[in-house]
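This report refers to the structure that appears directly beneath it.
The values are calculated or read from the model by the stated rules, or taken from the named source; none is laboratory data. Small disclaimer: the values here were computed from a predicted structure and weren't measured. Here the Cβ positions follow ideal geometry from the backbone for every residue, glycine too, while neighbour counts run over all protein chains shown.
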Amino acid sequence: MVKRNKKRPSKVSHISKRAKQIRKKGEKWTNAIKRASKELKSNKRALGATSKTSSYTISGLDGLKGSTNGTPIPEIKITFSRKRRVEGKIGSAKDVATTLSKFYTKNTIEVREQFFVLYLDNSNKVLGYHTHSVGGIKGSVVDIRILFSVALKSLATSIIIAHNHPSGALKPSTSDIRITSKIKQAGELLDIQLLDHIILTKESFYSFAEEGKL
């Protein structure tokens, strides 16, 4: 069997591919082609200036040996929605429970867990909230890295976390206690204080702060 040699992508195909990646909404195709061509030429000059003995390409920022094409790095952005707003200061655990209970419906609070985070400024005014995760009957996933990435991006100085127990039980589980401790420790490193962890049910709520568990 004779194997055919694969053709290397031409310069034109590289430019066309890059143009598709960077083309702005409503931008003419010819303008995108010009910008892509200019960018690839610039990258080529930068690569030529790097050491030939290096295993990494500085311009690409990807750390892969032999790589020559730079990879765009997406930016994480926080969006603001006016559909649900939390206004004013948080004065007590009851305030938090009352506010967050409105985010649930009869079809969700007793069916599946949802984990919310309130982000506050230095005056305890609510900057916003984030629906961190939606889980199942027995639990939801909490990613501390994402939780604090939003806190840092919004310049929050403190947070309040909350989730519901579909079972109706107010007693915190072992995993609830563990994740609360981990979030508190991570917040201390970043100088972002965990003010409370609220467990919600259809009838009542449990506050880690009021029970002296923080």
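Take I137 and tell me if it is among the hydrophobic types (A, V, I, L, M, F, W, C), within 19 Å of I90 (Cβ to Cβ) and out of contact with any Cys (no Cβ under 7 Å at 6 or more places or on another chain).
It is false that I137 is among the hydrophobic types (A, V, I, L, M, F, W, C), within 19 Å of I90 (Cβ to Cβ) and out of contact with any Cys (no Cβ under 7 Å at 6 or more places or on another chain).
Can you tell me which residue in segment 163-214 is surrounded by the fewest Cβ atoms within 10 Å (Cβ to Cβ), limited to those that are touching a Gly at 6+ places or on another chain (Cβ under 8 Å) and within 17 Å of H132 (Cα to Cα)?
Restricting to residues being touching a Gly at 6+ places or on another chain (Cβ under 8 Å) and within 17 Å of H132 (Cα to Cα), the top hit is S175.
Do we find that S154 is touching a strand residue (DSSP E or B) at 6+ places or on another chain (Cβ under 7 Å), modelled with pLDDT under 90 and of a type outside the set (A, V, I, L, M, F, W, C) in this structure?
In short, yes.
Across segment 92-115, which residue is surrounded by the fewest Cβ atoms within 10 Å (Cβ to Cβ) among those that are over 20 Å from I159 (Cα atoms) and either among the charged types (D, E, K, R) or touching a helix residue (DSSP H, G or I) at 6+ places or on another chain (Cβ under 8 Å) (or both)?
So the residue we want is K106.
Do any residues in segment 1-25 that are modelled with pLDDT of 70 or more have Cβ atoms under 6 Å from those of residues that are surrounded by 10 or more Cβ atoms within 10 Å (Cβ to Cβ) and not aliphatic (A, V, I, L, M), where the two are at least six apart or on different chains, and which pairs are they?
So the pair list comes out as I15/S37.
Within segment 188-214, count every residue that is among the β-branched types (V, I, T) and in a loop (DSSP other than H, G, I, E, B).
The qualifying residues number 2.
Tally up the residues in segment 112-137 that are under 19 Å from the mean Cα position of the chain (by Cα), assigned to a strand (DSSP E or B) and without any contact (Cβ under 8 Å) to a residue 40 or more places away in the chain, please.
Qualifying residue count, segment 112-137: 6.
Only one of these conditions is not met by Q185: (1) out of contact with any His (no Cβ under 8 Å at 6 or more places or on another chain); (2) outside any helix (DSSP H, G or I). Which number is it?
Of (1) out of contact with any His (no Cβ under 8 Å at 6 or more places or on another chain); (2) outside any helix (DSSP H, G or I), only one is false for Q185: (2).
Pick from segment 85-107 the residues that are over 17 Å from H130 (Cβ atoms) and of a type outside the set (G, A, S): which of them is modelled with the lowest pLDDT?
K89
Check S167, S140 and return the single one that is part of a loop (DSSP other than H, G, I, E, B), in the same structural domain as E113 (by TED's automatic domain parsing) and touching a His at 6+ places or on another chain (Cβ under 8 Å).
Among S167, S140, only S140 is part of a loop (DSSP other than H, G, I, E, B), in the same structural domain as E113 (by TED's automatic domain parsing) and touching a His at 6+ places or on another chain (Cβ under 8 Å).
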